[in-house]
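For reference, the structure is listed below as structure tokens.
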Amino acid sequence: MKRRTVGVIAAAGIVIVAAVFVARRDGSGLEVETQSASRKGVFRSTVTASGQIVAQRYADIGSSVMGRLVELRVKEGDTVKAGQIVARIDAIQAAASATAAQARVKATEADLRGTADVLQSAEADLDAARARAQEAQLKLQRARDLRREGLVPQAELDSAVAGADTAAAQVKNAEASLRRLQQGREAAERRVAETRADAARVADVLAKTDIVAPISGVVTRLPVQEGEMVVMGIQGQLGTTLMTISDLAAIDAEVKVAEADVLRIALGQTATVTLEAIPGTPFPGRVVEIGASALPVSGTGAAAREFKVKVRLDSPDARLRPGLTCDAEVLTAERQNVLVVPLQAVVVRADTDGRDRTGVFVVDGRTARFRQVTTGLIGGLDIEVSGVTEGTAVVTGPFQALRDLQDGQAVRPGKAS
């Protein structure tokens, strides 16, 4: 019984294979989808990317001092001008430090004035010592002359020599004292410079407790409230961001473009930006910035690289706000009177020499023929080709059939896509 069952199944399989073989010989062929090559008067190649609206100029305002936020003079959406005080940090400690620094400056300046007075007196003493030394030298010369003539005793000459030596020693002592005082004055001047620099530093800290707007614009982000502690940024650590001020006179769409498309984009190319928040209103613009390096990839898994591209809107709308999501379509190329086929119709096949050739399969009766083509612009789901004529039916699918299709294979055109 089991042997009969196996035999029946085997016979059925043979019948099915034979039926398929006969069907193929019969010319029914592989069912495929086709579409005719068409000519377009204007064919555009574009790159699409998503991102968000940003202001051309904006400033994230932090604090250069640490302390409590005691006053917040603006709210989100307010318009501010450059130099306007928008917030204040507790200034009690900074003010006390500034007062102490000024007191130290006054003390060192008083020391410097005192040193200058003593130095002036020492200079006068040196002048007097030099005058006495000169007078002693004259007396010594007269005594020597008189001694040679025998008019004065030796004792008087010895006295004149001692007086001259004493006067010279007094000059040297006065010069040494003057040098010490000059060094003291230089030290006093350095102390004055140091205290003045410290006073300037402390005054700068005090001034920075007033937070001023660096640019004119609109407060587009305000994440803090009065009473919060504010910390300043240090190397490797971000400080507190008090607010963001954006100049909404010029608006950019900052989008992320895939690495496969970024080389097609150039500065000055026109673009159209659309937003879900403002449906039905396209915003024309142009490319003004292309990232020189890929954006950082978050996570450890492999991911496609993306590049930052900025599109400057020609006419900013008052409704636009930084952070709104948007899509940009950049026109990378445009040609007239172009023959196109669906992108999925273009395949690669090896020729008799083993070299890859790019082409399409055209339907010749009930046979698929591989036709080599030259490709050009890609626009949407179509691609520019040369090597076939307008109206030629090319195979576009199904995917599995197109992947395995070979030159000369029998086909049966199905629905036209």
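The values are calculated or read from the model by the stated rules, or taken from the named source; none is laboratory data. If you're wondering where the values come from, they're calculated on a predicted model, not measured in any experiment. Note that each Cβ is placed from the backbone with ideal geometry, even for glycine, and that neighbours are counted across all protein chains shown. Surface accessibility is based on the protein's heavy atoms, side chains included, excluding ligands, DNA and RNA. Shrake-Rupley method; radii C 1.70, N 1.55, O 1.52, S 1.80 Å.
How tilted is helix 2-25 with respect to the longest principal axis of the chain? Cα atoms for both, answer in degrees (0 to 90, nearest 10). The answer is roughly 80 degrees. Report, to the nearest 10°, how far helix 154-207 tilts away from the longest principal axis of the Cα atoms in the chain, using its own Cα long axis and a range of 0 to 90°. Result, in degrees: 30. Using Cβ point charges alone (K and R +1, D and E -1), the dipole size of the chain about the Cα centre works out to roughly 1500 debye. Each of (1) 4, 11, 12, 12, 10, 9, 9, 7, 7, 5, 4, 3, 2, 2, 1, 1, 0, 0; (2) 4, 20, 28, 27, 16, 4, 0; (3) 5, 23, 32, 23, 11, 4, 1, 0 is a candidate for P(r) over Cα pairs in 10 Å bins from 0, in percent; the one calculated from this structure is (1).
Residue ranges 140-146, 211-217, 249-255 sort as 249-255, 211-217, 140-146 when ordered by packing (mean number of other C-beta atoms within 10 Å per residue, highest first). Excluding same-chain neighbours fewer than eight residues apart, the aspartates and glutamates reachable from Lys172 by a Cα-Cα span under 14 Å are Glu123, Asp125, Asp127. Remark: relative contact order (region 232-374) = 22 percent; criterion is Cα-Cα distance under 8 angstrom and separation of 6 or more residues. Computed over neighbours whose Cβ is under 15 Å from that of Leu72, the net charge equals -2, Lys and Arg +1, Asp and Glu -1. Surface composition of the chain: carbon plus sulfur atoms contribute 52% of the solvent-accessible area (1.4 Å probe, protein chains only, all chains present). Helical runs (DSSP H, four residues minimum) scored at -39500 (n - 2.57) apiece and divided by the length of the chain put the mean residue ellipticity at 222 nm at -12500 deg cm²/dmol. Measuring between their Cα centroids, region 350-401 and region 308-324 lie 41 Å from each other.
A 1.4 Å probe run over region 239-321, with the rest of the protein chains in place, finds 54 Å² accessible per residue. Note: relative contact order over region 131-283, using C-alpha pairs below 8 Å and six or more positions apart, is 13 percent. Counting only DSSP beta bridges whose two residues both lie in the chain, roughly 95 percent are antiparallel.
Straight-line reach from Lys40: which aspartates and glutamates have Cα under 17 Å away, leaving out those fewer than 8 places along the same chain? Result set, ordered by chain and number: Glu334, Asp382, Glu384, Glu390.
Sequence-distant contacts, meaning Cα pairs under 8 Å at least 6 residues apart, place the relative contact order of the chain at 30 percent.
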